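The values are calculated or read from the model by the stated rules, or taken from the named source; none is laboratory data. Because the structure is a prediction, the values reported are computed rather than measured. Backbone-built Cβ (ideal geometry, glycine too); neighbour counts: all protein chains shown. Just so you know, the surface numbers come from the protein's heavy atoms only, side chains and all, with ligands and any DNA or RNA stripped out. Shrake-Rupley method; radii C 1.70, N 1.55, O 1.52, S 1.80 Å.
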Amino acid sequence: MANNSDRGKYWPYMILGFLAIGITLGFWTVKHAIGMPVHESNEYMLKYQTADIDANQIQEAQARFDQRYRVKLEDMKLSDFKPEHLKRKPGKIVALNPVNRISYRVTDKAGNPVSDANVSLLLTRPHTEKEDQRFDHLPFKNGHYILEKLTLKNPGRYILRVRVQKGDAVGFMDTPGYLKPAQ
């Protein structure tokens with residue numbers, strides 16, 4: 001004859017099992033979250049937290065820049081690269097070479113060159129930061145801010161992201177680029 005006192009004693013073990021599963025999943029989540037660091041925001045060349053906190057000031061500085069100045073990438077040929085996954089027509093994509101000379105022209109609205117701006121360039125790839133190259137304080141020569149030698153190793157898509165600061169105005173411009181595979 002079965003003893004009725006043994007019935008219903010499994011529930012404490014179920015509670016302990018669910019608690020162990022919860023603690024294990026919590027530990028796993030924290031371990032994986034720590035393993036994924038917060039990266040810099042490529043869009044504004046700042047840490048993501050700073051860009052998030054100062055988003056309104058960044059947009060106001062960009063508006064002031066757009067009212068006063070213009071930035072233009074010069075001496076670069078257009079690429080014939082057409083991304084197959086895009087259904088829309090892509091914008092201008094510049095052709096990159098293994099060694100490049102990058103030249104930006106910063107002018108005021110009247111077309112006069114601006115010689116005392118702080119120009120920075122970030123070469124990045126979409127969706128990764130492993131191959132980022134950052135160049136601060138590009139030198140001003142003959143009306144242009146010039147980076148004499150930009151070396152690229154891997155073929156594929158790139159973004160030339162320039163940041164121009166002049167007083168309280170800060171402007172950003174992205175130019176997509178493509179380096180063809182060696183043939």
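Report, by residue number, each residue of region 47-62 that is free of Cβ contacts under 8 Å to residues at least 12 places away in the same chain and surrounded by 13 or more Cβ atoms within 10 Å (Cβ to Cβ). Working first, answer last.
In the first step, residues of region 47-62 are kept if they are free of Cβ contacts under 8 Å to residues at least 12 places away in the same chain; the result is 47-57, 59-60.
Across region 47-62, the qualifying residues are Lys47, Tyr48, Thr50, Ala51, Asp54, Glu60.
Regarding Val114, is this residue out of contact with any Asp or Glu (no Cβ under 7 Å at 6 or more places or on another chain) and not aromatic (Phe, Trp, Tyr)?
Details: out of contact with any Asp or Glu (no Cβ under 7 Å at 6 or more places or on another chain): no; not aromatic (Phe, Trp, Tyr): yes.
For Val114, the condition - out of contact with any Asp or Glu (no Cβ under 7 Å at 6 or more places or on another chain) and not aromatic (Phe, Trp, Tyr) - is not met.
State whether the residues of region 158-180 include one that is free of Cβ contacts under 8 Å to residues at least 40 places away in the same chain, within 16 Å of Pro113 (Cα to Cα), exposed (fewer than 15 other Cβ atoms within 10 Å of the Cβ) and not polar (S, T, N, Q).
Within region 158-180 (the criterion being free of Cβ contacts under 8 Å to residues at least 40 places away in the same chain, within 16 Å of Pro113 (Cα to Cα), exposed (fewer than 15 other Cβ atoms within 10 Å of the Cβ) and not polar (S, T, N, Q)), the answer is yes, since at least one residue qualifies.
Select, from Glu43, Glu84, the only residue that is within 21 Å of Met173 (Cα to Cα), modelled with pLDDT under 90 and not in a helix (DSSP H, G or I). If you could, list the steps in order and put the result at the bottom.
Numbers: Glu84 fails: within 21 Å of Met173 (Cα to Cα).
Going through Glu43, Glu84 in turn, the sole match is Glu43.
Can you say whether Lys92 is at pLDDT 75 or above, closer than 19 Å to Pro126 by Cβ, open to solvent by 100 Å² or more (accessible area, probe 1.4 Å) and assigned to a loop (DSSP other than H, G, I, E, B), as far as the supplied structure shows?
yes
Can you tell me how many residues within region 106-141 are more than 17 Å from Met76 (Cβ to Cβ) and part of a loop (DSSP other than H, G, I, E, B)?
13
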